[in-house]
Amino acid sequence: MISNVSRQLETALEERTGQKVRHCYQCKKCSAGCPVAFAMDVLPHEVMKLVQYGQSERLLGCSTVWLCASCETCSTRCPNDIDIAGVMDGLRVMSLEAGSASERRIGVFHRSFLNGIKLLGRTNETVLIGQYKALSGRPFDDLGLGLVMFLKGKIKLVPRFVRNRRAVRKIFEETSRGRSA
Amino acid sequence: MTDLSFTYYPGCSQSGSASEYGDSTEVVCAALGIELAELPDWNCCGASSAHMTNDLLSVALPGRDLAAARRIGRDVLVVCAACYSRMRIAQSRMLEDEKLARRVERAVGENPRFEGRVRHLLDVLVNDIGLPSIRERVALSLEGLKAVPYYGCLLVRPPEVCFCDSVENPTDLDRFLEALGVQVRPWSFKTDCCGGSLSLSRPDVTEKLVNKIFTRAEEAGAECIVAACPMCVANLEMRQKPSTFAFELPHRLPVLYFTELLALAMGLPGVDEWLKSHIIDPLPLMRRANLIRA
């Protein structure tokens with residue numbers, strides 16, 4: 001039976017992230033210590049198992065890989081030295097490539113964040129929030145907070161930027177098919 | 001004598017919503033003889049968004065900064081825990097993986113293999129300046145203050161690139177605060193995640209993590225939380241109860257930067273202004289503890 005399981009996903013992930021998911025023996029420390037487990041549709045130890053079973057479809061459409069906050073608690077505690085947060089990074093990128101990413105708003109946030117860097121070379125919170133509001137279609141979120149921030153002088157309207165923005169753009173161009181071993 | 005001159009990587013937040021962190025860093029460094037020369041034309045490290053969606057970009061963005069640092073040759077000082085993490089990870093990966101270093105070199109057009117050290121300010125204070133020297137510089141003991149140290153994620157994990165003395169129960173910030181006279185309360189949530197990367201996109205998830213940290217800090221008998229990361233501070237101050245129009249703070253425990261408390265203890269100027277810029281007002285606590293007059 002087990003020989004019929006496709007190793008394709010596990011191998012693709014190893015090429016991408018260097019992580020050997022086959023070493024997982026289901027101690028479940030990752031799930032037990034995960035601060036975001038309460039919101040996930042597939043628990044981290046189940047992600048590991050599904051990778052071993054080659055279940056691409058379920059993994060590349062699940063919310064877990066997007067909800068992972070990269071706190072690295074699991075990676076630090078894994079007795080088999082699997083960087084589980086790194087595996088989540090790999091699966092997240094694969095889900096983007098497959099066009100099956102769940103948790104649209106989280107993806108929109110990351111895109112807004114990186115667009116800001118591409119434009120200015122630095123992150124300006126006003127530019128980031130403006131862009132996120134526009135792209136996520138939620139312009140009215142946090143208006144009360146925005147006012148408090150403004151009154152506390154936390155909103156800097158004049159963004160600082162990198163002088164050599166061409167160099168920053170070149171980084172984005174050169175890494176646009178961004179993956180490395 | 002340890003060399004205390006650094007190339008300073010300020011990071012984006014320190015001229016944005018965390019300007020009190022950036023300003024207090026510059027003031028305490030000047031007072032302690034830590035020389036900071038800003039990295040010329042530095043760019044954003046890419047933070048979580050780069051490494052979560054584009055691995056090569058997450059190394060190449062700090063790669064350009066590390067290339068500039070390499071030209072200068074001095075060790076790099078960082079205060080944001082996220083910048084620190086991204087810089088350290090990019091640096092060690094490029095030094096270990098020549099193929100990756102070459103790809104980054106192509107993207108940034110310059111040698112990014114920085115072989116100096118990337119340090120967090122807390123590391124320099126605790127391990128280079130040393131706590132006995134810090135204790136000697138304390139003009140106003142903060143003994144009226146009960147605090148919990150909050151490390152969050154990126155100051156301690158992954159432990160291979162971080163400076164803290166323990167990954168599960170670090171004590172660097174604890175010992176630093178004790179040197180200032182602070183009554184440090186023991187608690188079990190010092191390295192728990194605040195959910196910063198989901199702050200805008202899934203505030204419902206972040207809210208639960210943030211409130212847990214406040215509740216546990218209150219249970220530990222703390223009157224304030226002390227942190228070393230602008231993402232943690234912003235998140236704790238702003239994400240207790242996300243909503244559309246209202247803004248409520250169920251927990252009133254102030255969240256402060258360790259640099260602000262150091263400046264306060266050393267009697268340095270500027271502290272009042274920094275305290276006023278916090279979303280959770282720390283002034284009532286400071287007055288109660290007899291630490292400020294106004």
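Using a Gaussian network model of chain B in which every pair of alpha carbons under 10 angstrom is joined by a spring, one finds that among B:Gly63, B:Gly152, B:Gly181 the greatest mean-square fluctuation is at B:Gly181. Per residue, chain B exposes 35 Å² of solvent-accessible protein surface, assessed with a 1.4 angstrom probe and all protein chains in place.
Can you give the accessible area buried between chains A and B, summed over both chains, with a 1.4 Å probe, in Å² to the nearest 100? For chain A against chain B, roughly 5400 Å² becomes buried. Relative contact order, whole percent, for the stretch A:2-98 stands at 32, derived from Cα pairs under 8 Å and 6 or more residues apart. Going through the cross-link list A:Lys133/B:Lys99; A:Lys152/B:Lys190; A:Lys49/B:Lys241, which pairs have a Cα-Cα distance over 32 Å in this structure? From A:Lys133/B:Lys99; A:Lys152/B:Lys190; A:Lys49/B:Lys241, over 32 Å: A:Lys133/B:Lys99; A:Lys49/B:Lys241.
Spacing of the modelled spin labels on A:Arg77 and B:Arg106, each 7 Å from Cα toward Cβ, amounts to 4.0 nm. Taking the 1.4 Å solvent-accessible surface of the protein assembly as shown as the whole, the part contributed by carbon and sulfur is 50%. Measuring between their Cα centroids, the stretch B:228-262 and the stretch A:118-159 lie 17 Å from each other. FRET efficiency for the pair B:Asp204 and B:Ser133, taken as 1/(1 + (r/R0)^6) with r the Cβ-Cβ distance and R0 = 41 Å, rounds to 0.35. Which whole-angstrom value gives the distance between the alpha carbon centres of the stretch B:1-78 and the stretch B:100-164? Result: 11 Å between the Cα centres.
For chain B, the relative contact order works out to 18 percent when only alpha carbon pairs closer than 8 Å and six or more residues apart are counted. Taking 0.36 nm per residue of sequence separation and removing the Cα-Cα distance, the B:Glu178/B:Glu219 pair yields an extension gain of 12.8 nm. Taking a point 7 Å from the Cα of B:Asp41 along the Cα-to-Cβ direction, the residues of the stretch B:88-125 with backbone N closer than 18 Å to it are B:105-113.
Can you list the DSSP H helices in chain A whose Cα atoms extend at least 18 Å along the helix axis and whose mean Kyte-Doolittle hydropathy is -0.5 or higher? Counting only whole DSSP H runs, the qualifying helices are A:84-98, A:104-120.
The values are calculated or read from the model by the stated rules, or taken from the named source; none is laboratory data. All figures in this text were calculated on a predicted structure; none of them were measured in a lab. Cβ coordinates were reconstructed from backbone atoms using ideal geometry, including for glycine residues, and neighbour counts include every protein chain displayed. Protein only, heavy atoms only, side chains kept; ligands, DNA and RNA dropped before computing areas. Shrake-Rupley method; radii C 1.70, N 1.55, O 1.52, S 1.80 Å.
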